[in-house]
Amino acid sequence: MTDANPTFAAVFADQWDRLPPAMKLHYANRPFSNDRVTVAGTLTIEMGAMMRLLAPLMAALGLFTPRDGKDIPCTVHFLSEPGSNAFIFERWFHFPGRAPYKFRSRLVPQENREVIEYMASGVGWRCVYEYDADTVRLLHRGYVWRLFGRDIPLSGLGTFLMGRGDALEQATGAASFRMRMTLSGGLFGRAMAYSYAGDFTVSEMALIDTALNDMVLTDA
């Protein structure tokens, strides 16, 4: 049965009611459902010199985009699935002169505001969601490797090798927001740095009989 509350209402806990409307639209998907929210915008993707060389391999492993670029058109579908409480990111990057590139990951809520974002390779990024001073912050808590249905903690080794991930999101309107993600530090420092930043607007929602659905159809 579909939960009436959004998946991330439990993640943000007592902070959920303080989120601005754009953030509640962004995280409107409910668990165990077929909910779908779409946002559209542009991203500027930056890479260190070594990351740029390794980007095609990283993309093949389902970890990052295959290249960098400025103001790349991007569409993101936030998806739920009937059999779980996962919050799925399906990102479509439209690099000039190339076929659209899909980057998909699954966010699975844990305890104490922690979420693990699993990539196609099985690598998972652990982070804690917090809302403070008009900003949603994703705070780095390390990495895991999903193997045979179990999470193997990579402890400090993962951060030492891959670097620290952090992200933030800020509402810019009733149905729009800006975001930034950075991967920094790690064994090779700036050479393996990776970041993307941009602005998005909620363009479509497919929620059934919810006030949020009525809101976006009116305002977006």
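Scanning region 133-160 for residues that are in a strand (DSSP E or B) and touching a residue at least 24 places away in the same chain (Cβ under 8 Å) yields T135, V136, R137, L138, L139, H140, R141, V144, R146, L147, D151.
Note on region 78-118: among residues that are touching a strand residue (DSSP E or B) at 6+ places or on another chain (Cβ under 9 Å), among the hydrophobic types (A, V, I, L, M, F, W, C) and over 20 Å from Y27 (Cβ atoms), the one that is surrounded by the fewest Cβ atoms within 10 Å (Cβ to Cβ) is F95.
Selection within region 182-197: residues that are crowded, with 17+ Cβ neighbours inside 10 Å and not β-branched (V, I, T). The member of this set that is nearest to R30 (Cα to Cα) is Y196. If you filter region 56-113 down to residues that are in a strand (DSSP E or B) and among the β-branched types (V, I, T), you find that the one that is farthest from the chain's Cα centre (by Cα) is I72.
So that you can scan it fast, the table gives a plain yes or no per residue for (1) touching a Lys or Arg at 6+ places or on another chain (Cβ under 6 Å); (2) surrounded by fewer than 17 Cβ atoms within 10 Å (Cβ to Cβ); (3) more than 17 Å from A86 (Cβ to Cβ); (4) of a type in the set (F, W, Y):
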| position | (1), (2), (3), (4) |
| --- | --- |
| R18 | no, yes, yes, no |
| A28 | no, no, no, no |
| V37 | no, no, no, no |
| I45 | no, no, yes, no |
| T65 | no, no, yes, no |
| G69 | no, no, yes, no |
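No value in this document is a laboratory result; all are computed from the given coordinates. Since the model is a prediction, treat every value here as computed from it, not as a measurement. Cβ coordinates were reconstructed from backbone atoms using ideal geometry, including for glycine residues, and neighbour counts include every protein chain displayed.
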